[in-house]
Protein chains: 2
Amino acid sequence: MSASRPHVPNLREDSVLPSRVKEGGRAILAPVVRLAMALGLTPNSITVIGLGITVVAAVLVGTGWLLVGAALLTAGSLLDAVDGALARATGGATAFGSFLDSTLDRAGEAILYVGIAAWLVASQPEPLWPVLALLVALSGSFLVSYAHARAQGIGLAADVGLAPRTERLVIVIAGVALAGLGFVPGLLVALVALAVLTTATVIQRIWHVWRLSRTAALAKEEN
Amino acid sequence: MSASRPHVPNLREDSVLPSRVKEGGRAILAPVVRLAMALGLTPNSITVIGLGITVVAAVLVGTGWLLVGAALLTAGSLLDAVDGALARATGGATAFGSFLDSTLDRAGEAILYVGIAAWLVASQPEPLWPVLALLVALSGSFLVSYAHARAQGIGLAADVGLAPRTERLVIVIAGVALAGLGFVPGLLVALVALAVLTTATVIQRIWHVWRLSRTAALAKEEN
């Protein structure tokens with residue numbers, strides 16, 4: 001997933017998902033990774049298959065098959081963790097693989113939001129505020145990742161934040177599933193929560209990078 | 001603007017805007033840079049002021065003041081080039097400044113699209129396809145910048161592409177201005193053009209990074 005990321009220690013880790021849940025997820029992955037190895041799949045081909053699954057799920061969501069879409073997204077998200085695990089298991093982690101994985105992760109997130117927007121505009125009598133919340137949530141998600149990548153580009157780690165990708169996916173999939181069960185406000189709450197959490201995370205990351213670069217500048221002056 | 005970017009030569013430069021137009025823009029900037037220096041403004045404060053102008057313009061666009069919004073956006077875009085020029089002129093270019101500038105550039109782009117979406121949903125009888133085109137254009141714009149930042153993170157330059165930021169801004173401002181003059185299809189054409197151009201640029205950049213990393217890997221094997 002992030003083979004090229006410099007190993008800079010995180011100052012804080014405030015994720016809204018307990019690390020135990022993440023470890024459980026990783027345990028489920030082991031047999032899938034072995035299957036992928038047996039089939040001779042490369043990490044990059046799994047990345048592309050994952051994007052394909054997200055496209056199908058987004059079309060399902062956009063055309064009103066919310067529960068099926070949510071189920072497929074869950075499967076796709078688990079698969080998404082497989083590429084990195086497979087790369088590590090086979091020693092095939094490359095800088096291009098890491099670049100492709102994170103770029104297509106963002107593309108998948110965007111495609112999912114396009115599907116949700118299509119459903120909202122087509123099905124809701126008053127889609128204005130839901131669509132604006134969705135736009136802020138999508139933009140916020142992108143900015144969280146962008147700030148991370150940009151900080152990495154200047155040699156700093158901006159790993160802090162309440163809303164990294166896994167957490168965002170859990171929230172949006174839960175919202176889609178609730179809407180699929182007939183409880184549309186659940187999706188709206190999820191979108192507003194994502195809009196708030198991602199915006200807060202972006203501000204947190206900018207602040208964090210400012211502090212890190214400040215510390216680095218002071219350390220330089222002292223030497 | 002990109003003080004920390006490694007100086008890797010571009011393999012191609014296929015921008016849709018002639019370089020003469022860009023040089024003309026830079027000539028206009030010189031007196032503004034001198035004014036900012038006289039006022040004692042720092043590059044980072046200009047970056048933040050630029051974002052503030054974009055927020056006001058987005059609110060104007062969202063509430064139907066399209067022509068005023070387009071005019072303000074044009075002024076804001078020129079100002080956006082000032083921070084980098086000022087940083088170079090005063091020797092105050094910092095890694096954090098470059099990080100802040102590009103992160104807030106993306107935020108500004110997103111905020112503008114939120115304004116356009118608000119206007120579309122509130123004013124158009126059939127907003128479905130315009131809103132989806134807008135979402136793809138916004139996501140594509142983000143991905144163009146994200147792929148660039150991510151490539152930079154692994155030490156490669158992904159500067160190729162038909163739709164870098166200045167070009168995207170010219171197209172979207174022209175679309176907003178046309179809609180403000182009463183020709184709404186002009187805005188829709190601009191959004192669809194941006195969706196296509198940015199998607200093509202993302203694919204171009206992924207392909208480009210793949211080739212660069214391939215060449216780097218081969219060079220390593222030969223040594």
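The values are calculated or read from the model by the stated rules, or taken from the named source; none is laboratory data. Values in this document were obtained by computation on a predicted structure and should not be read as measured data. Here Cβ is always computed from backbone atoms with ideal geometry, including for glycine, and neighbour counts include all displayed protein chains. Side chains included, ligands, DNA and RNA excluded: accessible areas come from the protein's heavy atoms. Shrake-Rupley method; radii C 1.70, N 1.55, O 1.52, S 1.80 Å.
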Task: chain A: most fluctuating residue of A:LEU143, A:LEU135, A:LEU41 per GNM, C-alpha cutoff 10 Å - done: A:LEU41
Task: For A:ARG211, inter-copy label distances in nm, listed shortest first [label point 7 Å out on the Cα-Cβ vector] - done: 4.3
TODO: Just subtract the alpha-carbon distance of A:ARG88 and A:VAL48 from 0.36 nm times their residue separation and send over the number in nm, one decimal.
DONE: 12.6 nm
TODO: Please work out the FRET efficiency for the pair A:ILE28 and A:VAL189, using the Cβ-Cβ distance as r and a Förster radius of 35 Å; give the result to the nearest 0.05.
DONE: 0.80
TODO: Per DSSP H run of n ≥ 4, the term is -39500 (n - 2.57); total these for the protein assembly as shown, divide by its residue number, and report the mean residue ellipticity at 222 nm rounded to 500 deg cm²/dmol.
DONE: -28000 deg cm²/dmol
TODO: List the residues of segment B:148-180 whose backbone N lies under 13 Å from a point placed 7 Å from the Cα of B:TRP207 along the Cα-to-Cβ direction.
DONE: B:160-162
TODO: Using a 10 angstrom cutoff on alpha carbons, build the Gaussian network for chain A and name the most mobile of A:ARG168, A:ARG150, A:ARG106.
DONE: A:ARG150
Open item on the list: I need to check one value: relative contact order of chain A, counting alpha carbon pairs closer than 8 Å and at least 6 residues apart, in percent.
Closed with: 26
Task: Relative contact order computed over segment A:139-207 (Cα-Cα under 8 Å; 6+ residues apart), in percent - done: 45
TODO: Counting only C-alpha contacts under 8 Å and six or more residues apart, can you give the relative contact order of segment A:76-196 as a whole percent?
DONE: 23
Task: Sites B:VAL196 and B:ALA75 - FRET efficiency at Förster radius 35 Å, r taken between beta-carbons, to 0.05 - done: 0.80
Task: Rounded, prolate or oblate (a/c below 1.5 giving rounded, otherwise prolate when a/b exceeds b/c) for the protein assembly as shown by Cα gyration tensor - done: oblate
TODO: Could you do me a favour and compute the accessible area per residue for segment A:61-161, 1.4 Å probe, result in Å²?
DONE: 30
Open item on the list: Rounded, prolate or oblate for segment B:83-223? Axes are the square roots of the Cα gyration tensor eigenvalues, ordered a ≥ b ≥ c, and the cut-off for rounded is a/c under 1.5.
Closed with: oblate
Task: Sulfur and carbon atoms: percent of accessible area, segment A:82-176 [1.4 Å] - done: 66
- [ ] Pick out the long, greasy-scoring helices in chain A: whole DSSP H runs spanning 27 Å or more along their own axis by Cα, mean Kyte-Doolittle at least 1.6.
- [x] A:43-62
TODO: Give the long-range amide H neighbours of B:LEU156: residues separated by 5 or more places, or on another chain, with amide H under 5 Å away, using H modelled in the peptide plane at 1.01 Å from N.
DONE: none
Open item on the list: If R₀ is 30 angstrom, what is the calculated FRET efficiency for the pair B:LEU35 and A:LEU218, using the beta carbon separation as r and rounding to 0.05?
Closed with: 0.45
TODO: Could you tell me which of rounded, prolate or oblate describes segment B:140-223, using a ≥ b ≥ c as the square roots of the eigenvalues of the alpha-carbon gyration tensor, with rounded for a/c under 1.5 and, failing that, prolate when a/b is larger than b/c and oblate otherwise?
DONE: prolate
